[in-house]
Amino acid sequence: MGLFRRGEPNRGDAIAAAAVPLRRGERILAVAPDADRGTVVATTFDVAYVGLDGDLLWRRAWLLVDTGSWSSTEASLEVTWMGDEPTERWEVAGNDRFLTVFRERVQASVVLGTDVEVAGRRVARVVLRKDLATGELLDQVKWRRGRAPGGAHTEEAATAVARARLRLRDDVGLT
């Protein structure tokens with residue numbers, strides 16, 4: 001199935017798609033205008049954001065997406081990241097193809113995951129993810145809000161997270 005269906009592509013979609021340089025084996029899967037702010041481009045390896053002027057503003061691997069949450073009442077996709085990047089909200093109403101590709105690509109990057117609990121409370125999520133461009137497996141930790149390494153139960157939480165990381169890596173044969 002092609003990126004642009006039903007005749008000629010939308011000019012803005014075509015400009016945004018052209019702004020994302022593709023690597024060997026990579027292709028554009030979906031393009032979604034973000035209200036009047038820019039365009040989100042989903043490739044096989046990454047998600048990228050192109051400004052209204054056609055400049056590539058950022059590009060991130062799918063394994064850096066923590067979650068995406070669709071709000072039909074606000075017609076927006078709220079995206080949280082694994083690192084310290086701020087949460088983003090994209091107004092991509094009526095673009096079911098993009099939402100489907102977004103979900104599929106994030107899920108494709110997740111190999112295994114587990115919640116880490118200390119004293120009956122979830123303190124972190126440990127996830128083994130695949131870089132879809134290279135196939136490399138990486139483990140990631142998403143600390144629960146307010147439970148970063150400097151928070152309460154630091155030593156106990158850090159030990160529990162370290163054990164979870166080792167267990168996940170062992171489950172897939174990584175040392």
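The values are calculated or read from the model by the stated rules, or taken from the named source; none is laboratory data. Because the structure is predicted, anything quoted here is derived from the model rather than measured. Cβ sites come from the backbone with ideal geometry, for glycine too, and all protein chains shown count toward neighbours. Ligands, DNA and RNA are stripped out before the accessible areas are found, and what is left, the full protein with its side chains, is counted by its heavy atoms. Shrake-Rupley method; radii C 1.70, N 1.55, O 1.52, S 1.80 Å.
If you roll a 1.4 Å probe over the chain with all protein chains in place, what percent of the accessible area is carbon or sulfur?
Numbers: 4730 of 10020 Å².
So the carbon and sulfur contribution to the accessible surface is 47 percent.
Label 7 Å along Cα→Cβ of residue 70; segment 91-121 residues with amide nitrogen under 15 Å? Residues passing the 15 Å test: 91-107. Each Lys and Arg contributes +1 and each Asp and Glu -1, all at the Cβ; summed about the Cα centre of segment 29-175, the dipole is approximately 560 debye.
Excluding ligands, DNA and RNA, the accessible surface per residue across the chain is 57 Å² with a 1.4 Å probe. Accessible surface comparison of 89, 169, probe 1.4 Å, protein chains only, largest first: the order is 89, 169. Placing pseudo-labels 7 Å out from each Cα toward the beta carbon at residue 174 and residue 23 gives an inter-label distance of 1.6 nm. Taking a ≥ b ≥ c as the square roots of the eigenvalues of the alpha carbon gyration tensor, segment 21-70 is oblate, as a/c is not under 1.5 and a/b does not beat b/c. Counting only protein heavy atoms and using a 1.4 Å probe, the accessible area of residue 74 comes to about 110 Å². With respect to the chain, whose longest principal axis is taken over its alpha-carbon atoms, helix 96-109 is tilted by about 30°. Compared with the dominant principal axis of the Cα atoms in the chain, helix 154-171 is inclined by about 70°. Counting 0.36 nm for each residue step from residue 144 to residue 110 and taking away their Cα separation leaves a gain of 10.4 nm.
Where in segment 98-132 does the label zone of residue 167 land, with the point 7 angstrom along Cα→C-beta and an amide N cut-off under 20 Å? The answer is 110-130, whose backbone nitrogens lie closer than 20 Å to the label point. Surface calculation, 1.4 Å probe, protein heavy atoms: residue 70 sits at approximately 100 Å² accessible.
On the beta carbon distance between residue 53 and residue 117, with R0 = 45 Å, the FRET formula returns roughly 0.45.
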